[in-house]
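Working notes, structure below.
Taken together, the values in this text are just the output of simple stated rules run on the coordinates, not laboratory data. What you are looking at is a predicted structure, and each value in this text was computed from that prediction instead of being measured. Here the Cβ is made from the backbone with ideal geometry for all residues, glycine too, and neighbour counts use every protein chain on show.
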Amino acid sequence: MIYATKEDLAEWLGLLTEDGQPDVSALPGDVDRMLRNASRVIDHNTLNQIRKDNEKHLDVAMNATTAQCEYWMEGMGESVDVYPNMTGYSAGSTSFQFTDGIPKLAPRARRELWLGGLLGGRVLRR
């Protein structure tokens, strides 16, 4: 399930027209794919515990999804989910070390999920 719309993302980012409506024209051309992939990251991190019949769950998931997209748009893009984080490198005899933290959850998305009770094995059913 995709948890946020283009309008949700534009509003989250503060991209508004003069009359206060979300300005989706300012979003990247691949925004639909980005929202789908961000929703999958949210599902992965919440262990698919978001209940579609729970308004609070859906609201938290929407905020986390838009925060994840914001993170990708302001940083390295989705490549942070494709390429692991490098933790070490050696020049002599060439050595690399990578972490296994894929997919990487944006700090704001993590906060939204934690405060909403959807992270850390503590899914609240309210």
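Put +1 on the Cβ of each Lys and Arg and -1 on the Cβ of each Asp and Glu in region 19-76; which of TYR71, PRO28, ALA61 then has its Cα farthest toward the positive end of the dipole?
Ranked along the dipole, the leading option is ALA61.
Quickly work out the VAL24-to-ASN54 label distance, labels modelled 7 Å from Cα along the C-beta direction, and quote it in nm with one decimal.
Simple spin-label model gives 2.8 nm for this pair.
LEU16's amide H: which non-local residues (gap 5+, or another chain) put their own amide H closer than 5 Å, with H modeled 1.01 Å from N in plane and none for Pro or chain starts?
The list, which skips near neighbours in sequence, is ASP23.
Quickly rank 17-27, 106-116 as a protection proxy: mean count of other C-beta atoms within 10 Å, highest first.
Put in order of decreasing packing, that is 106-116, 17-27.
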